[in-house]
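A.B. asks: One structure, pasted below without further comment.
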Amino acid sequence: MSAPVVALLVVAVLLVLAAVVWALTATAARLDRLHHRVETSRASLDARLLRRASAAEQLALSGLLDPASALLLASAAGEALGAEGEAERSGAESDLTRALRAALPPATVAALRRGPTGTRLLDDLDAACQRAVLARRFANDAVAQTVRVRRTRVVRWGRLAGHAALPRSFDADDEPPALAAEHVLPRPGGPR
Amino acid sequence: MRIGIVCPYSLDVPGGVQGHVLGLAEQLIAGGHDVSVLAPVDEGTPVPRHVVSAGGAVAVPYNGSVARLGFGPATALRVRRWVAEGRFDVLHLHEPITPSASLLALWAATGPVVATFHSAQLRSRALQAAAPLVLPSLERISARIAVSEDARRTVVDHLGGDAVVVPNGVDVDRFARAAQRPAWQGRPGAPTVAFLGRLEEPRKGFGVLAQALPALRAAHPGLRVLVAGRGDAAAARALAGEHAGALELLGPVSEDDKASLLASVDAYVAPQTGGESFGVVLVEAMSAGAAVVASALPSFGRVLEDGRLGALAAVGDPAALAAAVAGVLEAPARRAALVAAARAAVRRYDWRVVTEQVVAVYETVADAGAVAPDAGSARWRLG
C-alpha cells in the first residue's frame, strides 16, 4: 500500500473512533441525567407518601371520626409509615388508599367539612393525596424513560450503566376519594 | 417560588398557547409567586412587565400550519442568559417539541422542568425523523402536563410515557358577569346565534355553518347569525349566497365584546372540523351562559360531556348542525337545562382551580433542587 492510502486509512479510523467516543460520552451523560432524575423523583415520591400517611393519621386521631373508622384509618396509616421494602410499601400504600376510600365516603366528608378543624384536616389530606398521585406519576415516568435508554445497544455493549441496578416503577393504588369542597382534584386520565 | 415560563409562539399575534401562558403568569403573580415569561416578541410590541423577549419571530411552516417561532444562535444565547440569570425554582415550558424558545430552554437548563403539551396533532412522520433529537431532550422534563385527554393521548402514543391532565384556564367569572347587549340578543321569532373564528380557515367550519343556513332559515326565517372573526367579508357573503342577509359580520372583536356577544346570543355554534385539542371558546361560551351547539370532535365531546352540557352534531354535516341548532332554539326548557348544567360544570376550568393544580405539579418536582444552566449545552454555541 502506498503512503497516501495508509494515511487516508489512518484518518478514517481516527474519525470513526472519535465518533464512537462522542456517541458514548453523550449517551453516558444522558444516562447520568436520567439516573439523577430517577433518584430525585423517587425521593420526592417517598416524601409525598409519608406526608399523605401522616395527614391520614392526623385525621384518624382528631376525634372527629367514629371510633371504628378512626381505628381503620390509623392502623392503615401506621402500616404505611412503618413499611419497609418495595413490595411491603406498595401493599401498605394501596391498603391506605382503600382505607381512605372506605372511611371517607361523601357523607362523612360533608359532615367533616361543617367544622373548621375537619375542613383543615381534609384540605391537608386532599393536598397530600393529590401530590402523592402526581409524584408517583412523575417518578414512574422517569423510570420508564431510563429503562428505555438502558435497553439500547450502545448502553448494553458500552456497559455505560456500570453496576447501577435497573430502576423499577412503584406500583400502588393511589386513587383517593373525593375530599375537596368542589371539583379541584387533578384529573390524571387513563389507567393507573 | 421563582418560576420561569417559556412560550414558543410569538406574542405578536394572539393564540391559544399565548393566552394560556399570559393568563397563568398573571394568576401566579397574584398568588405571590415571582414569575418571568420568556417568549419571542418583536421590538415595539407592547407586553406585560414580567415578559422577557427571546428575540424576534420568524413565520415558518411547522406541524401542519404556519407558526411564528423564535430560533437561531441569537435566540439561543438570550435563552441561555435568561436561564442563567433567572435562578428559578421551576422552569415551565410550553409545547417543548416546537423548534423555538421552549426547546432551547430545555437544552440550556438542568433541574426541575415542567412541560405542558397543548397540541393533539403531531405529525408522526416528522417526529420519527426528529426522534434522536427529541427523545433525549424530553428526558430532561421532570413532569408532563397535557391540557386535555386528547393532548395526553397524543403524548402517550407518540412520545411514550404519560402526562397528567390539567385543562386550560378560563376566567369564568368575567364571562359570567359580561353585560348583555340588546343589539345581539334574540327576539321572539328572531333568535341569534354566534360564530367565532377566522373565516378562511376551513377547520374553523364557517363553510359548514354557511351550508346549514337554508335549513336554519326555513325553521327560523328571522334568524340572525353574528360572526366575529378576521376574514374576507365578501367571500363570506358569497358562501352564504341568497341567505347572506342573515349574516352580521362583526369583524375581529375585543375580549370584552366577545364575552358580551356570548352572553347575549341564544346559542353559540362551533362547527369546527378538526385541529381542536381542547376548546377554550366552548368553555367561555358556557361560562357566559350561551347554549353550545358543537361538532362532535372528540375534544368537544369531552368538554360537553357527550351532550350533557351542550348539543353535538356530526362533524362537517350541515344538515345535522341545522337540526342540532333548531333542537336547542325550539325547546326553551332544554336550552335552560343545558345552560344551567354547563354553568356548574365550567367551574373546574376556572383559573383558581387550574392554577392550584399547576402549583401542585411545581411543588412536586421542585424538591429536586433549583434550575441551573446546563454546562454541557455550551457545545451548541454557534454565535
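A.B. asks: For Cα pairs less than 8 Å apart in space and 6+ apart in sequence, what is the mean separation divided by the residue count of chain B, i.e. the relative contact order in percent?
C.D. replies: Dividing the mean separation by the residue count of chain B yields 17 percent.
A.B. asks: Right, something else. On a C-alpha basis, how far is the centre of the stretch A:18-62 from the centre of the stretch A:140-167 in Å? Whole number, if you could?
C.D. replies: One Cα centre to the other: 15 Å.
A.B. asks: Applying 1/(1 + (r/R0)^6) with R0 = 41 Å to the Cβ-Cβ distance of A:His163 and B:Arg2, what FRET efficiency is obtained, to the nearest 0.05?
C.D. replies: 0.65
A.B. asks: Divide, for the stretch B:172-348, the radius of gyration over alpha carbons by 2.2 N^0.38 Å, where N is the residue count.
C.D. replies: Relative to the rule-of-thumb radius for its length, the stretch B:172-348 sits at 0.92.
A.B. asks: Enumerate by residue number the chymotrypsin sites (Phe, Trp or Tyr not before Pro) in the stretch B:275-383 meeting two conditions: DSSP loop (anything except H, G, I, E, B), and at most 14 other Cβ atoms within 10 Å of the site's Cβ.
C.D. replies: Counting only loop positions with at most 14 other Cβ atoms within 10 Å, none of the chymotrypsin sites (Phe, Trp or Tyr not before Pro) in the stretch B:275-383 qualifies.
A.B. asks: By the gyration tensor of its Cα atoms, with a ≥ b ≥ c the square roots of the eigenvalues, what is the shape of the stretch A:86-152: rounded for a/c under 1.5, prolate for a/b over b/c, or oblate?
C.D. replies: It comes out prolate by the Cα gyration axes.
A.B. asks: Across peptide B:366-373, how many C-beta atoms of other chains are within 10 Å of each residue C-beta, on average?
C.D. replies: 2
A.B. asks: If you put +1 on each Lys and Arg Cβ and -1 on each Asp and Glu Cβ, how big is the dipole of chain A around its Cα centre, in Debye rounded to 20?
C.D. replies: So the dipole magnitude of chain A works out to roughly 940 debye.
A.B. asks: May I pose another question? When ranked by the protection proxy of mean other Cβ atoms within 10 Å per residue, highest first, what sequence do the peptides B:172-178, A:65-71, B:323-329 form?
C.D. replies: Sorting B:172-178, A:65-71, B:323-329 by mean packing, highest first, produces B:323-329, B:172-178, A:65-71.
A.B. asks: Convert 4 °C to kelvin, take the viscosity as 1.567 mPa s, use the Kirkwood radius over C-alpha pairs of the stretch B:23-163 as Rh, and evaluate the Stokes-Einstein diffusion coefficient in µm²/s, rounded to a whole number.
C.D. replies: Roughly 82 µm²/s, to the nearest whole number.
A.B. asks: Considering the dipole of the protein assembly as shown built from charges on the beta carbon (Lys and Arg +1, Asp and Glu -1) around the Cα centre, which of B:Val172, A:Leu14, B:Ala342 is farthest to its positive end?
C.D. replies: A:Leu14
A.B. asks: Tell me, what does the Kirkwood hydrodynamic radius of chain B come to in angstroms if you use every pair of distinct C-alpha atoms?
C.D. replies: 21.8
A.B. asks: Place a point 7 Å from Cα of B:Val58 in the direction of its Cβ. Which residues in the stretch B:72-102 have their backbone N less than 17 Å from it?
C.D. replies: Residues B:72-79, B:98-102 fall inside that zone.
A.B. asks: Something else about it: Quick one: putting +1 on the C-beta of Lys and Arg, -1 on the C-beta of Asp and Glu, what dipole do you get for the protein assembly as shown around its Cα centre, in Debye to the nearest 20?
C.D. replies: It comes to approximately 1000 debye.
A.B. asks: Where the eigenvalues come from the Cα gyration tensor of the stretch B:307-367, what are the semi-axes √(5λ) of the equivalent ellipsoid, largest first, in whole Å?
C.D. replies: Whole-Å semi-axes of the equivalent ellipsoid: 37, 15, 6.
A.B. asks: Another question, if that's okay. I'm a student and want to see the number: the projected area of the Cα convex hull of the protein assembly as shown, averaged over all directions, in nm².
C.D. replies: 32.4
A.B. asks: Take B:Asp256 and A:Val5, extend 7 Å from each Cα along the Cα→Cβ direction, and tell me the distance between the two endpoints in nm.
C.D. replies: The two pseudo-label positions are separated by 8.4 nm.
A.B. asks: Computed FRET efficiency, Cβ-Cβ of A:Ala107 and B:Ala131, R0 60 Å: what is it to the nearest 0.05?
C.D. replies: Efficiency, rounded to the nearest 0.05: 0.70.
A.B. asks: Using a 10 Å cut-off on Cβ atoms, rank the peptides B:245-251, B:211-217 from the highest mean neighbour count down.
C.D. replies: Top to bottom by mean Cβ count within 10 Å: B:211-217, B:245-251.
A.B. asks: Taking the Cα-to-Cβ direction at B:His50 and at B:Gln121 and moving 7 Å from each Cα, how far apart do the two end points lie in nm?
C.D. replies: Modelled inter-label distance: 3.1 nm.
A.B. asks: Quantify how strongly other chains surround peptide A:134-140 by giving the mean number of their Cβ atoms within 10 Å of each of its Cβ atoms.
C.D. replies: Per-residue shielding by partner chains comes out at 6.
A.B. asks: To the nearest 0.05, what FRET efficiency results for B:Asp42 and A:Ala178 with a Förster distance of 60 Å applied to their C-beta separation?
C.D. replies: The calculated FRET efficiency here is 0.80.
A.B. asks: Determine the shielding of peptide B:154-164 by partner chains: average, over its residues, the number of Cβ atoms on other chains within 10 angstrom of each Cβ.
C.D. replies: Taking the mean over all residues of the peptide, I get 4.
A.B. asks: Have a look at B:Val21, B:Ala194, A:Gly162 and report the one farthest towards the positive end of the charge dipole of the protein assembly as shown, computed about the Cα centre with Cβ charges (Lys/Arg +1, Asp/Glu -1).
C.D. replies: A:Gly162
A.B. asks: Along Cα→Cβ, 7 Å out, is where each label goes; now give me the distance between the ones at B:Arg237 and A:Leu24 in nm to one decimal.
C.D. replies: 7.4
A.B. asks: Along the charge dipole of chain B, pointing to its positive end and built from +1/-1 on Cβ of Lys, Arg, Asp and Glu, which listed residue (B:Ala372, B:Pro221, B:Gly56) has its Cα farthest out?
C.D. replies: Checking the options against the dipole of chain B, the answer is B:Pro221.
A.B. asks: Bin width 5 Å, origin at 0, all Cα-Cα pairs of chain A: what percent of pairs per bin?
C.D. replies: Spelled out per bin, shortest first, that is 1, 7, 13, 15, 13, 10, 8, 6, 6, 5, 4, 3, 2, 2, 2, 1, 1, 1, 0.
A.B. asks: How do the peptides B:185-191, B:336-342 rank, highest first, by the average count of neighbouring beta carbon atoms within 10 Å per residue?
C.D. replies: Final packing ranking: B:336-342, B:185-191.
A.B. asks: Same structure, new question: Taking the Cα centre of chain B as the origin, how large is its charge dipole in debye, to the nearest 20, when only Lys and Arg (+1) and Asp and Glu (-1) carry charge on their Cβ atoms?
C.D. replies: Roughly 180 debye for chain B.
Taken together, the values in this text are just the output of simple stated rules run on the coordinates, not laboratory data. A quick note: this is a predicted structure, and the numbers were derived from the prediction, not measured. Glycine gets a Cβ as well: all are built from the backbone with ideal geometry, and neighbour counts include every protein chain shown.
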